[in-house]
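Each remark here refers to the structure printed beneath this line.
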Amino acid sequence: MDWNQSYRAFVLAVAQNPWVQGLVKARGRSFARRFIAGDTLEEALRAVEELEGRGVHAILDLLGEMVGTEAQALEFQKGLIGLVQALKAVPHPRYISVKLTQLGLDISEDLAASLLEGVLAEAEEAGCFVRIDMEDSPRVDGILRVYRRLREAGHTRLGVVLQSYLKRSEQDLEALVPLGTPVRIVKGAYKEPPQVAFQEKRLVDAQFLWLCKRALERGLPTAIATHDPGLIEEIKRWTAERGIDRERFEFQMLYGVRPKEQQKLAQEGYTVRAYVPYGTDWYPYFSRRIAERPENLWFVVRSLVQG
Ligand code: FDA
């Protein structure tokens, strides 16, 4: 395991400690705001306008995951439908991300599939694209099954995510090709054991490039979701060399991370989208951001100490 992976494993383990959770929830809010557009939909829509002013489109994400009851899942479905309805009034590309554990995947796949289908009905009417985020490895099969089921039922404005740290992702990509699946390629944000995931950054990066290039070669609409300057440059070089149309791929980054680079890529003529999370259930998302980057941990500690 290299240093980056050890750091991530450590932070994600500490983040589950109830005492740490209590402290960070009570006092880390102001720092979390750097990555989260706000508590409310109105604040998220303001962030969309601000991004559009800089040539960057938005992916709206209503924060929430791993719900344990059907009532909570239904509540999130209501929130997602409300989000899509609000987007109808927004004169910009409409795009949301959802987590299936937010829609009850841990209760049953049928529940998650039927609640997502309700969101899709609304999204299709609004011309809104829906991306199913990828979660931790025990849930990958279930998420891909629900995707496949809905895709085969005729929902085409729908895509999934593959994580380059997972050893299985090459095979998953091949299986998604016949469906013409829009894919987002990411490195992966969860704590995963060496049995299923590469632990060295250079292997994760190598598979990231392989997946992006393979997806493009196989004609899939591809979202290249990373902040890594070396990987972004390589994709720019490789796609230009092969004359791959810029309509066929886009760059995606997270709200609050490398905003100048986002704008610069947009000015260079690439489609760029920022993932804009909002809502009150921000702690798990925020923990993953801290686990990605030691500098972020330092900012949190400082804001906790300063109060
Ligand atoms: P990594 O963290 O290895 O960083 C590489 C380099 O990028 C750094 O050395 C630095 O140069 C630069 N960099 C990174 N963060 C920076 C910062 N804060 N400021 C300045 N420079 C920085 N994960 C998942 O498991 N399931 C999912 O569905 C998604 N969805 C998703 C959507 C989108 C749009 C994005 C961008 C990411 C995700 N992720 C995700 C998260 C993803 O798996 C990953 O954890 C993060 O993108 C961080 O990895 P990087 O690719 O940026 O590289």
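What follows draws every value from the coordinates through simple rules; no lab data is involved. Note that the coordinates shown come from a computational prediction; the quantities given were computed from them, not determined experimentally. Don't worry about glycine lacking a Cβ; one is built from the backbone with ideal geometry, like all the others, and counts go over all protein chains shown.
Values as computed for the structure displayed
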{"item": "Dipole in debye (nearest 20) - segment 155-307, about Cα centre, beta carbon charges: Lys, Arg +1; Asp, Glu -1", "result": "180 debye"}
{"item": "Cα-centre dipole for the chain with unit charges at Cβ (Lys and Arg positive, Asp and Glu negative), debye to 20", "result": "780 debye"}
{"item": "Rg and Dmax of segment 1-54, Cα atoms only, in Å", "result": "15.7, 42"}
{"item": "Helix-only [θ]222 nm of the chain, DSSP H runs n ≥ 4, -39500 (n - 2.57) each, per residue, nearest 500", "result": "-16000 deg cm²/dmol"}
{"item": "Taking Asp106, Asp2 and counting other C-beta atoms within 10 Å, the order from fewest to most", "result": "Asp2, Asp106"}
{"item": "Relative exposure of Lys191, Lys264, judged by other C-beta atoms within 10 Å (fewest first)", "result": "Lys264, Lys191"}
{"item": "Segment 1-89 - charge dipole about Cα centre, Lys and Arg +1 at Cβ, Asp and Glu -1, debye rounded to 20", "result": "320 debye"}
{"item": "For Gly55, residues with placed amide H under 5 Å, excluding near neighbours", "result": "none"}
{"item": "Karplus 3J(HN,Hα) series, Hz, for segment 51-67 with 6.51 cos²θ - 1.76 cosθ + 1.60 (x for Gly, Pro)", "result": "5, 4, x, 9, x, 10, 8, 10, 10, 8, 10, 7, 4, x, 6, 6, 6"}
{"item": "Residue among Gly104, Gly118, Leu176 farthest towards the positive dipole end of segment 39-281, charges placed on Cβ", "result": "Leu176"}
{"item": "20 °C / 1.002 mPa s Stokes-Einstein diffusion coefficient of segment 39-281, Kirkwood radius on C-alpha pairs, µm²/s", "result": "118 µm²/s"}
{"item": "³J(HN,Hα), Karplus 6.51/-1.76/1.60, whole Hz, each residue of segment 160-166, x for Gly, Pro", "result": "10, 10, 10, 9, 6, 6, 7"}
{"item": "Derived scalar couplings ³J(HN,Hα) [segment 197-203; Karplus, 6.51 cos²θ - 1.76 cosθ + 1.60; whole Hz; x for Gly, Pro]", "result": "10, 4, 9, 9, 3, 5, 6"}
{"item": "Span from the segment 58-135 Cα centroid across to the segment 184-239 one, whole angstrom", "result": "25 Å"}
{"item": "Dipole of the chain [Lys/Arg +1, Asp/Glu -1 at C-beta], most positive-end residue of Ala189, Pro138, Val257", "result": "Val257"}
{"item": "Beta bridges by DSSP in segment 39-281, antiparallel share as percent, to the nearest 5", "result": "5 percent"}
{"item": "4 °C / 1.567 mPa s Stokes-Einstein diffusion coefficient of segment 118-209, Kirkwood radius on C-alpha pairs, µm²/s", "result": "93 µm²/s"}
{"item": "Charge dipole (segment 174-294, unit charges on Cβ, about Cα centre) - positive-most of Trp238, Ala225, Tyr283", "result": "Tyr283"}
{"item": "Likely footprinting exposure, Phe35, Phe251, fewest C-beta neighbours within 10 Å first", "result": "Phe35, Phe251"}
{"item": "Unsatisfied cross-links (Cα-Cα over 19 Å) in the set Lys187/Lys213; Lys213/Lys236; Lys201/Lys264", "result": "Lys201/Lys264"}
